[in-house]
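Undergrad: Sending over a structure as structure tokens; questions will come in a sec.
Only the coordinates and a few stated rules stand behind these numbers; no lab work does. On a predicted model such as this, the values are computed, not experimentally measured, just so you know. Neighbour counts run over all protein chains shown; Cβ positions are idealised from the backbone, glycine included.
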Amino acid sequence: MKATFPLVPGSVLGLMGGGQLGKMFAQAATRMGYHVACLERAQCPAFDVSRHPILARSYEDPKALAEMKSLVAAVTTEFENVPAAALETLSEGPDGCFTAPQPDAVRISQDRWREKEFLSKVAQVPTAPYCHILTTEDALNAPKDLFPGVLKTAEGGYDGKGQAVVKTPTDATEAFARMGGVPCILEKMLDLALEVSVIVCRNRQGQSVTFPVFENHHRDGILAETVFPARIPQKLHDEARAYADRIAERLHYCGVLCIEFFVLKDGSLRANETAPRPHNSGHVTIEAALTSQYEEQVRAMTGMPLGPTDPICHGVMLNILGDAWYDENDQKREPAWAGVLALPGVKLHLYGKEDARKKRKMGHVTCLGETLDIALARAKAAAQVLHLPEPK
Ligand code: ADP
Ligand code: MG
């Protein structure tokens, strides 16, 4: 090992990927006196906050990975599609870095089949019934009780992409063909009351903390709103956090891990998927919790003690998609920033992306309140000014 842990402020921390999650990690790290080396394939939000931007041809670019290795003793990731192999390369050899998370944990999250097997069999957390679909025959012969179901590509899906609702085995074969015959899973379609997530953070020493549960509302498969803490019974909070803790422990995880859960109409939980990185639902912790998910990521990878995750107020986070840059007639416009900044208790985050494409995550607002009613009223006002969907 080329450095002694804990890594102290002044050290350079490695970051694979440079999107908004990476930018907010780099903001937390630089606030605490660390520097960031960020590897990405193009100019990106996190480069704005990185002392060492590493422009790479791909995440596995040997030259870029060697440069990263020469700069840092520990590396983290902000994007689950950074190949586990790239993290492995970074960890190998006498000049190898400590990777948080470790490649094996990332490998599990990168494949929905491995992920569901791990969740249900190793961590023993309930999930939707599912099966692996590798061939047209698998789709035709899938268990009848999985219909109606959701066919999902095993790799590469996000924000509802790479998914199809299928009512019959014939539907499933057609959807499988449309997806190019790549490995998929078929999950039973569940009757959801609510979607929630839990973020767990575990450091090198095995100390682990979970945040109170996040309540998530999606629109067209993309997260639109997070309410923190979630409006669910205490028992469900405790249960979800205990599951998340167990998942992180069984993975021997180091870093920040998010677990998405479905709450069914009967009040029971099903784990849906994991993300081996900070999560969109956790943005709200920057202002509404004693320690943010990004600060926990810094603490975990450096081997520092983790911080308390208690809420300091209620928070409602609204995503700002590129759609906010278009009016009803599809004409480009500048969103009403002055109007948002005139609202009390509303914090604006913009990621610095130049091209405001529809459905692209451009920024978010976090609306704070001593009570949930106050936070929600502020979120409604912010949504109106920015033409975002009405918060729930
Ligand atoms: P992504 O990687 O795109 O977030 P998810 O597995 O989380 O993929 O699916 C996206 C959304 O689709 C979920 O947030 C949920 O609303 C819906 N969904 C996914 N799987 C199921 C299911 N088995 N039953 C009901 N709804 C589902
Ligand atoms: Mg999801």
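Undergrad: Under a plain spin-label model, where a point goes 7 Å from the Cα along Cα-to-Cβ, how far apart in nm are Asp48 and Ala338?
TA: With each label placed 7 Å out from Cα toward Cβ, I get 2.1 nm.
Undergrad: In whole Å, what three semi-axes, largest first, describe the equivalent ellipsoid of region 157-214 built from its Cα gyration tensor (square root of 5 times each eigenvalue)?
TA: Rounded to whole Å, the semi-axes are 34, 16, 9.
Undergrad: Running a GNM on the chain with Cα contacts under 10 Å, which residue among Gly322, Gly149, Gly93 ends up with the highest mean-square fluctuation?
TA: Gly93
Undergrad: I would also like to ask the following. Which ordering of Met317, Met189, Met179 is given by a fewest-first count of other beta-carbon atoms within 10 Å?
TA: Neighbour counts put them in this order, fewest first: Met189, Met179, Met317.
Undergrad: With a cut-off of 20 Å, note down the residues of region 221-240 whose backbone N falls inside the zone around a label point 7 Å from the Cα of Cys313 toward its beta carbon.
TA: The answer is 225-231.
Undergrad: Report, to one decimal in Å, the Kirkwood hydrodynamic radius for region 111-240 based on all distinct Cα pairs.
TA: Hydrodynamic radius (Kirkwood, Cα pairs) of region 111-240 is 16.4 Å.
Undergrad: Span-like helices, the chain: DSSP H, alpha-carbon axial extent 27 Å or more, mean Kyte-Doolittle 0.5 or greater, which ones?
TA: Span-like helices here: none at all.
Undergrad: If you average the C-alpha positions of region 119-177 and of region 29-51 separately, how far apart do those two centres end up, in angstrom?
TA: A separation of 38 Å, based on Cα centres.
Undergrad: Residues in region 143-180, backbone N under 11 Å from the label point at Asn81 (7 Å along the Cα-to-beta-carbon vector): list them, ranges by number please.
TA: Of the residues in region 143-180, 155-159, 161-162 have backbone N under 11 Å from the label point off Asn81.
Undergrad: Please report how far the C-alpha centroid of region 334-385 lies from that of region 182-221, rounded to the nearest whole angstrom.
TA: 24 Å
Undergrad: Can you give the FRET efficiency to the nearest 0.05 for Lys2 and Arg57, using r as the Cβ-Cβ distance and R₀ = 35 Å?
TA: 0.85
Undergrad: List residues of region 150-194, by number, whose backbone nitrogen lies under 18 Å from a label position 7 Å along Cα→C-beta of His217.
TA: 192-194
Undergrad: Shifting gears a bit: Could you estimate the translational diffusion coefficient of region 11-157 from the Stokes-Einstein equation, with Rh from the Kirkwood formula over C-alpha pairs, at 4 °C and 1.567 mPa s, in whole µm²/s?
TA: Roughly 76 µm²/s, to the nearest whole number.
Undergrad: Which pairs break 28 Å Cα to Cα here: Lys161/Lys235; Lys2/Lys353; Lys23/Lys161?
TA: Lys161/Lys235; Lys2/Lys353
Undergrad: Next question, about the same structure. Kirkwood Rh, the chain, all Cα pairs: how many Å?
TA: 21.7 Å
Undergrad: In nm, to one decimal, how far is the modelled label at Glu390 from the one at Arg231, with both set 7 Å along Cα→Cβ?
TA: Once both label points are built, they end up 1.3 nm from each other.
Undergrad: Let me know the shape class of region 99-163, please: from the alpha-carbon gyration tensor, a ≥ b ≥ c as square roots of the eigenvalues, rounded when a/c is under 1.5, otherwise prolate if a/b is greater than b/c, or oblate.
TA: Prolate shape, in that a/c is at least 1.5 and a/b is the bigger ratio.
Undergrad: Multiplying the sequence separation of Lys359 and Asp330 by 0.36 nm and subtracting their Cα-Cα distance, what value in nm do you get?
TA: Working it through step by step, the gained length comes to 9.1 nm.
Undergrad: Now for a different question. Quick one: if the Förster radius is 25 Å, what FRET efficiency do Arg178 and Arg114 give, using the C-beta to C-beta distance and rounding to 0.05?
TA: 0.60
Undergrad: While we're on this one: In whole Å, what three semi-axes, largest first, describe the equivalent ellipsoid of region 20-98 built from its Cα gyration tensor (square root of 5 times each eigenvalue)?
TA: 19, 14, 11
Undergrad: Can you tell me the order of 370-381, 280-291 when each peptide is scored by its average per-residue count of other Cβ atoms within 10 angstrom, highest first?
TA: 280-291, 370-381
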